[in-house]
Amino acid sequence: MTDPNQTKYFDDALEMFATDGWKAFQKEIVAALSNVSIDGLNNATELHQAKGRVDILRQIASYESALRTSMEQAEEGDEEDS
């Protein structure tokens, strides 16, 4: 990657992903996702709130994968530019 800011961003994220804290956090996110239930919801507002929670949890759960994909695409772009 030619952009030093982007390189630092990816390096910092990779360092974070390697920590025990990140791995524990991901387990908590997966557990939270599996515990979401619509059975006790009483109205459309509660359903929309639950959907919002699930959307956020999924975004957090997929962050590492999405960042790694972005990093690979940036590296491929650099190879094409060479």
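Coordinate-derived values only; no laboratory data. None of these values were measured; they are calculated from a predicted model.
So if the hydrodynamic radius of the chain is defined as the Kirkwood radius over C-alpha pairs, what does Stokes-Einstein give as its diffusion coefficient at 4 °C and 1.567 mPa s, in µm² per second? D = 86 µm²/s. Could you state the angle between the C-alpha long axis of helix 63-81 and the longest principal axis of the C-alpha atoms of the chain, as a value from 0 to 90 degrees rounded to the nearest 10? Tilt relative to the chain: about 30 degrees. If you line up the long axis of helix 20-34 against the longest principal axis of the chain, both from Cα atoms, how many degrees apart are they, to the nearest 10? Compared with the principal axis, the helix lies near 40 degrees. Between the helical axis of 4-17 and the longest alpha-carbon principal axis of the chain there is an angle of about 50 degrees. When the Gaussian network model of the chain links Cα atoms closer than 10 Å, the mean-square fluctuations of ASP39, ASP11, ASP55 top out at ASP39.
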